[in-house]
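Each reported figure results from applying straightforward, stated rules to the coordinates on display, with no laboratory input. Just so we're clear, the structure is a prediction, and the values are computed from it rather than from any experiment. Cβ: placed from backbone, ideal geometry, glycine included. Neighbour counts: every protein chain shown.
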Amino acid sequence: MFLYVVALVIITLLIIIQSKKSLHMLQQNLYNENNRYLKWIVKNSKSFLNIQIVGIFISLIGFLEFYNNKNISYLLVIILMICFIYEIYYLNKISMTEQVKKPLVITKRVKRLIITTSILYFIPIIYLFCKIENLKIVWLMFLIIIIMTYLNKIVVFIANIINFPYEKGVYYYYMSKAKSTLRNRPNMKVIGITGSYGKTSSKNILADILNIKYNALPTPRNLNTPNGLMITINNHLDKFTDIFIAEMGAYVRGEIKDLCNLVHPKYGILTTIGKAHLESFGSEENIQKAKFELIESLPADGIGVLNRDDPKQVGYKLKNQVKIIWIGIDSKDADIKASDIVCNSEGTKFKVKFYNQKEKYEFQTKLLGRHNVYNILAALALGYEFGISIEELQQALRTVKPVEHRLELKKLGNFYQIDDAYNSNPVGAEEAVKVLGMMPGVKVIVTPGMIELGKEENKYNKEFGRQIAANTDYAVLIGKNKTKPIYEGLIEQGFDENHIIIYNDVKEAYTFINSLAIKNKKNVYALFENDLPDTYNE
């Protein structure tokens with residue numbers, strides 16, 4: 001029986017390794033919100049073609065034919081052990097070379113999932129030990145355990161379903177607590193920010209500007225879901241908070257409305273509306289309607305800030321009557337308008353005309369890019385509305401810090417990095433490449449391309465390749481299969497094929513760029529555009 005116990009220990013070790021990976025992907029896919037985890041399983045269905053199939057076959061033979069023949073039964077157990085030792089070795093080899101951008105966070109929810117998953121596996125394991133003298137039962141339990149191990153992703157999904165009622169109870173408890181906290185602060189201003197792109201940048205810029213006169217609390221990082229807002233309200237909101245700024249994200253219609261029902265914003269900023277998450281929304285019209293849920297949730301005495309240069313905002317018919325402040329760069333009809341924009345390696349300078357002022361005022365920021373000017377104009381609009389003077393607004397903008405991983409310029413080793421790795425979309429990617437094109441010296445882009453653009457994803461990535469060709473000297477593509485459309489766009493534009501470098505790991509790009517910096521006497525500027533989550537590793 002010793003061999004059976006050793007085999008079970010090896011299988012248990014494999015279960016632990018696989019469960020960690022499955023839990024990691026479940027967490028990154030928001031615990032299967034909008035079936036994201038199931039879609040990941042389908043997308044990675046090739047992973048089911050592994051040596052564990054042999055293990056299932058061997059255990060089935062042991063159960064049906066040879067459980068009474070001890071010698072053959074022992075031989076089958078040894079073969080099983082060899083198969084699973086190889087699988088453990090193979091998975092460990094992959095994990096050592098695979099780049100993990102965001103590791104599994106062991107939250108209370110994950111701990112509960114670990115317990116439930118363990119119970120599901122312990123049921124046949126305990127029964128096996130109880131019937132250890134009955135080889136037929138032992139082989140039957142081996143068969144069940146090995147099938148469950150092979151279907152580990154599904155077992156973790158089942159554990160998530162089992163825990164769902166409890167997780168809902170936890171959710172409603174903290175939701176009730178957050179609503180009570182907000183009711184106790186009736187004089188606090190609440191601002192909602194949503195849009196396809198630029199939400200986090202807009203939120204941070206607004207907070208930095210408002211903090212020159214008020215105590216403004218923005219949701220940290222990219223916590224833009226109900227859980228993120230509840231965490232901020234329950235853990236960080238206090239009696240000294242004058243303004244609460246809530247970033248609002250969504251994958252389907254109705255989610256922003258739910259967030260508004262939680263925090264009840266009186267003020268709303270709508271950034272650019274584009275094709276981000278087109279796959280989950282289903283259509284551009286659904287995206288447009290979803291983003292306007294914020295503005296249409298504002299009270300009658302509320303204020304919405306919209307972009308006059310965005311056709312999807314100008315062409316939308318609001319279903320409520322709120323005061324709208326229009327910002328813009330190109331439009332003549334904007335209430336707050338920027339002009340004379342100059343962008344270089346030091347940042348951006350531009351002039352602003354306010355709706356009730358005759359003259360233009362000059363503003364300066366360390367932030368890069370035209371799209372950041374839109375974010376700044378939205379912040380200036382509300383700051384001006386809240387009684388902050390133009391001089392104070394100018395002063396506040398000079399102190400605004402670049403948002404981490406969003407066109408963040410920094411010296412890294414022997415080159416200058418323009419870090420735009422947080423995410424990417426057609427509008428933002430084009431703007432980022434144009435910013436790179438303005439820089440003096442050797443220009444390099446490092447990118448895995450854009451995702452979640454539905455059926456048009458390849459088309460947009462191919463166009464992205466054309467834009468890269470017009471603005472850069474070297475293109476470093478991360479992931480051969482995923483970046484094929486970008487490669488095609490580059491070649492179509494006559495980009496030097498010898499200046500296209502393909503890696504599977506972004507870490508390799510740093511070595512290449514440093515070698516360029518050493519070889520060239522000019523400064524090297526490298527734009528890191530997008531950083532796909534671990535669910536997209538090739």
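Under the combined filter of DSSP loop state and at most 16 neighbouring Cβ atoms within 10 Å, the range 273-327 retains these trypsin sites (Lys or Arg not before Pro): K317, K319. If R0 equals 25 Å, the separation of the Cβ atoms of K507 and N92 corresponds to a calculated FRET efficiency of about 0.85. Spin-label model, A470 to N184: label points 7 Å out along the Cα-to-beta-carbon direction sit 5.6 nm apart.
Going through the cross-link list K349/K401; K203/K239; K111/K203; K93/K411; K189/K353; K199/K289, which pairs have a Cα-Cα distance over 24 Å in this structure? Table pairs above 24 Å Cα-Cα are K111/K203; K93/K411; K189/K353. When the Cα gyration tensor is reduced to axis lengths a ≥ b ≥ c, the ratio a/c is 1.5 or higher for the range 9-58, and with a/b not above b/c it is classed as oblate.
Of all DSSP-defined beta bridges confined to the chain, some 30% are antiparallel rather than parallel.
Here the range 41-91 was treated as a single set of alpha-carbon atoms; its pair distances binned every 10 Å from 0 give 25, 43, 24, 8, 1 percent. Straight-distance candidates among the lysines for linking to K462, with alpha-carbon spacing under 16 Å and chain neighbours fewer than 8 residues away dropped: K275, K480, K482, K484.
Note on D242 and K168: the model spin-label points, each 7 Å out from Cα along the C-beta direction, lie 4.3 nm apart.
Fraction of C-alpha pairs exceeding 18 angstrom in the range 408-536: 47 percent, rounded to a whole number.
For the range 1-121, averaging the sequence separation of C-alpha pairs within contact (under 8 Å, six or more residues apart) and dividing by the residue count gives a relative contact order of 37 percent. Centre-to-centre, using Cα atoms only, the range 499-527 and the range 204-233 are separated by 36 Å. Orientation-averaged projection of the range 140-278 equals 10.9 nm² [convex hull of Cα atoms, one quarter of hull surface area]. Sparsely packed loop sites in the range 115-182 (the trypsin sites (Lys or Arg not before Pro) outside DSSP H, G, I, E and B with at most 15 other Cβ atoms within 10 Å) comprise K131. Across the range 41-198, C-alpha contacts under 8 Å between residues 6 or more apart give a mean separation that, scaled by the residue count, equals a relative contact order of 30 percent.
Put a dot 7 Å past the Cα of N523, heading toward its Cβ, do the same for E284, and the two dots end up 3.7 nm apart.
Kindly work out what percent of the DSSP beta bridges joining two residues of the range 185-398 are antiparallel, to the nearest 5.
Beta bridges within the range 185-398, antiparallel portion: roughly 35 percent.
Over the chain, dividing the summed -39,500 (n - 2.57) contributions of all DSSP H runs of at least 4 residues by the number of residues returns a 222 nm mean residue ellipticity of -16500 deg cm²/dmol. For the listed peptides 497-503, 227-233, a ranking on the average number of other beta carbons within 10 Å per residue, highest first, reads 227-233, 497-503.
For the chain, what is Rg from Cα atoms divided by 2.2 N^0.38 Å, rounded to two decimals?
1.15
The DSSP beta bridges internal to the range 408-536 are antiparallel in roughly 20% of cases. Which shape class applies to the range 1-142: rounded if a/c is under 1.5, otherwise prolate when a/b exceeds b/c and oblate if not, where a ≥ b ≥ c are the square roots of the Cα gyration tensor eigenvalues? It comes out prolate by the Cα gyration axes. Under a 5 Å amide H cut-off, with hydrogens placed 1.01 Å from N, N134 pairs with nothing among residues at least 5 apart or on other chains.
Semi-axes, largest first, in whole Å: what does sqrt of 5 times each Cα gyration tensor eigenvalue give for the range 157-220? That gives 32, 19, 8 Å for the three semi-axes.
Could you tell me what fraction of 2.2 N^0.38 Å the Cα radius of gyration of the range 185-398 comes to, as a two-decimal ratio?
That ratio works out to 0.96.
Once C-alpha pairs closer than 8 Å and six or more residues apart are averaged by separation and normalised to the residue number of the chain, the relative contact order reads 11 percent.
Among rounded, prolate and oblate, which fits the range 275-345 when a ≥ b ≥ c are the square roots of the eigenvalues of its C-alpha gyration tensor, a/c under 1.5 means rounded, and a/b larger than b/c means prolate? Taking the square roots of the gyration eigenvalues as a ≥ b ≥ c, the range 275-345 is oblate.
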